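Encoded as structure tokens, the structure appears first; notes follow it.
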Amino acid sequence: MSADAIRGRLAVIDMQRVFAEPDSPWATPRFDEAAEGVRRLLPAFGERVTFTRFLAPEKPAGAWRAYYDQWPFALQPPRSRLWELTDEFAARASDVVDANTFGKWTSELAERVGSDGRLVLAGVSTDCCVLSTALAAADAGAEVVVVADACAGVDDDSHAKALHVMDLYRPLIRVVTVDDILTGDPS
């Protein structure tokens, strides 16, 4: 299917070194499998792709203080290596949105999608940043499509549970496969 035939904007959530590298405390075990799904999706969306990055705030506030007490390694500035997109995706990321929240439904991403637009989600982690982004976007009125085999969670069980929860939000959020997107199956 051509890039013109596939509707919406693809948001590739947090395909960063901190989630890809096996020695990272936040390593996502099936990162490479999610990356394969993202690779397959990219050509279908052409220029309608936004990559996101999770960044630590300069100074955590509120409940985030306790979070970073648990994960002090992550309190690094935005230019730190761990926050970089992996080499493969950095080379393809002409549009990047940064946020220091799990959810990436920022005003910047909302503007790119449009008020009645379609947001297609892929990336990591299904049970954290993908889930948080999907719920916020659906609440804002975007049609949300989560590509299950282009996402990965902290473990297989959490991934499956997050997909199940998001699918409960039909028709606001639909869970599909890469093949569904590429063949135009409305699922």
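The values are calculated or read from the model by the stated rules, or taken from the named source; none is laboratory data. What you see is a predicted model; the values in this text were computed from it and never measured. Here the Cβ is made from the backbone with ideal geometry for all residues, glycine too, and neighbour counts use every protein chain on show. For the accessible areas, the whole protein counts, side chains as well, though only heavy atoms, and no ligand, DNA or RNA atoms are used. Shrake-Rupley method; radii C 1.70, N 1.55, O 1.52, S 1.80 Å.
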**Study point:** Which listed residue, of Leu119, Leu85, is modelled with pLDDT of 95 or more, open to solvent by less than 40 Å² (accessible area, probe 1.4 Å), among the aliphatic types (A, V, I, L, M) and under 13 Å from Phe51 (Cβ atoms)
**Key:** Leu85
Practice item. Please indicate, with yes or no, whether at least one residue in the range 40-60 is more than 24 Å from Ala150 (Cβ to Cβ) and open to solvent by 40 Å² or more (accessible area, probe 1.4 Å). Key: yes
Practice item. Run down Arg112, Arg79 and say which single residue is of a type in the set (Lys, Arg), open to solvent by 10 Å² or more (accessible area, probe 1.4 Å) and without any contact (Cβ under 8 Å) to a residue 60 or more places away in the chain. Key: Arg79
Point to revise | Residues that are part of a helix (DSSP H, G or I) and either at pLDDT below 95 or open to solvent by less than 20 Å² (accessible area, probe 1.4 Å) (or both), drawn from the range 140-179 | key: Ala162, Met166, Val178
Review point. Here are some residues: Asp14, Asp4. Which one is open to solvent by 70 Å² or more (accessible area, probe 1.4 Å) and either closer than 30 Å to Gly184 by Cβ or at pLDDT below 95 (or both)?
Key: Asp4
